[in-house]
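For reference, the structure is listed below as structure tokens.
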Amino acid sequence: PGGIGGAWCGAPDGSGFGSNGWVVVGGGAQLTDAQINAGVAVASSWPNLTDPANPGWNVQVNKPAAGGVGDVTVFAVCLKVATP
């Protein structure tokens, strides 16, 4: 495989939203035109649910026979859950 990477939920420091209470609801990856032309493709995409304190989205890409993958942008779509 070309590699596995991820993006995680949370808010930037100073936003007032904190890093707790986030839930991942979707995600994916963005490939460049050059990567697509070289044969790079998303092989698998799944939510990171194994660590509830650190939810996010994982993506695995293939490695084309011609060479490396380079950097891939991974997105996690998250919602802040209201605490009672």
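The values are calculated or read from the model by the stated rules, or taken from the named source; none is laboratory data. Note that this is a predicted model, so its numbers are computed, not measured. Cβ coordinates were reconstructed from backbone atoms using ideal geometry, including for glycine residues, and neighbour counts include every protein chain displayed. Note: accessible area is taken over every heavy atom of the protein model, side chains too, but ligands, DNA and RNA are not part of it. Shrake-Rupley method; radii C 1.70, N 1.55, O 1.52, S 1.80 Å.
Can N37 be described as among the polar types (S, T, N, Q), out of contact with any Cys (no Cβ under 7 Å at 6 or more places or on another chain) and in a helix (DSSP H, G or I)? Yes. Screening segment 16-34 for residues that are under 11 Å from C78 (Cα atoms) and assigned to a strand (DSSP E or B) and picking the one that is most open to solvent (accessible area, probe 1.4 Å) gives V25.
Just so you know, in segment 40-70 the residues that are assigned to a loop (DSSP other than H, G, I, E, B), without any contact (Cβ under 8 Å) to a residue 40 or more places away in the chain and closer than 20 Å to A7 by Cα include one that is least open to solvent (accessible area, probe 1.4 Å), and it is V40.
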